[in-house]
Amino acid sequence: MIWYQRNLVNPLARRFSRFIPGSAVIETVGRNSGLPRRTPVGGRADGSTFWLVSEFGRHSQYVRNIEANPNVRVQVKGRWHTGKATLVDDDDPRERLRSLPTMNSAVVRMVGTRLLTVRIDLDDDHGDIDVIDDRGAPR
């Protein structure tokens, strides 16, 4: 499953995320390399906060990068936003998935083994990020 996700799903999702409702790309700094690392994620903006649930929790490479350096960028609808990520251990990730895009949440619930909520507090002008439903329409 991890090979499939890393080598097939992620490259396609990174390229087309701006066209997929509820999809985004998170850019972290590699904890060993110091290079930018981009990972497609499903999530939702709620005001100046972007929420997502990692299906493999602290075993995800991007989560390990966040632990080393919480400064991230998030690409939503083709536009990059800077922010600071926080791993939210006391949040119920299964409940959080109910407020996130349905399709992505279903996949995360199905394949996820160690769910962990991630909150990203956005720094820049985020007025153009709409809270969207699963069809890509603003709510």
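Can you run down the residue pairs with Cβ atoms below 9 Å, 6 or more apart or on separate chains, where the first is in segment 40-52 and more than 11 Å from residue 117 (Cβ to Cβ) and the partner is among the acidic types (Asp, Glu) and in a strand (DSSP E or B)?
Final answer for the pair search is 48/121; 49/121; 50/121.
Quick check on segment 30-64: of everything there that is surrounded by fewer than 18 Cβ atoms within 10 Å (Cβ to Cβ) and at pLDDT below 90, which residue is farthest from the chain's Cα centre (by Cα)?
Once the filter is applied, the top-ranked residue is 47.
Which of the residues spanning segment 100-139 are of a type in the set (S, T, N, Q) and either open to solvent by 70 Å² or more (accessible area, probe 1.4 Å) or modelled with pLDDT of 90 or more (or both)?
Passing the criteria: 102, 113, 117.
When the residues of segment 65-94 are narrowed to those that are farther than 16 Å from residue 115 by Cβ and outside any strand (DSSP E or B), which ends up least open to solvent (accessible area, probe 1.4 Å)?
Residue satisfying both the conditions and the ranking: 65.
Please go through segment 68-108 and give me each residue that is in contact with a helix residue (DSSP H, G or I) (Cβ under 6 Å, 6 or more places away or on another chain), without any contact (Cβ under 8 Å) to a residue 60 or more places away in the chain and more than 23 Å from residue 29 (Cα to Cα), ordered by number.
97, the sole residue that qualifies.
The values are calculated or read from the model by the stated rules, or taken from the named source; none is laboratory data. Owing to the predicted nature of the structure, the values given are computational and were not obtained by experimental measurement. Counting neighbours? That spans all protein chains shown, and the Cβs are built from the backbone with ideal geometry, glycine included. Ligands, DNA and RNA are excluded from the accessible area calculation, which covers all protein heavy atoms including side chains. Shrake-Rupley method; radii C 1.70, N 1.55, O 1.52, S 1.80 Å.
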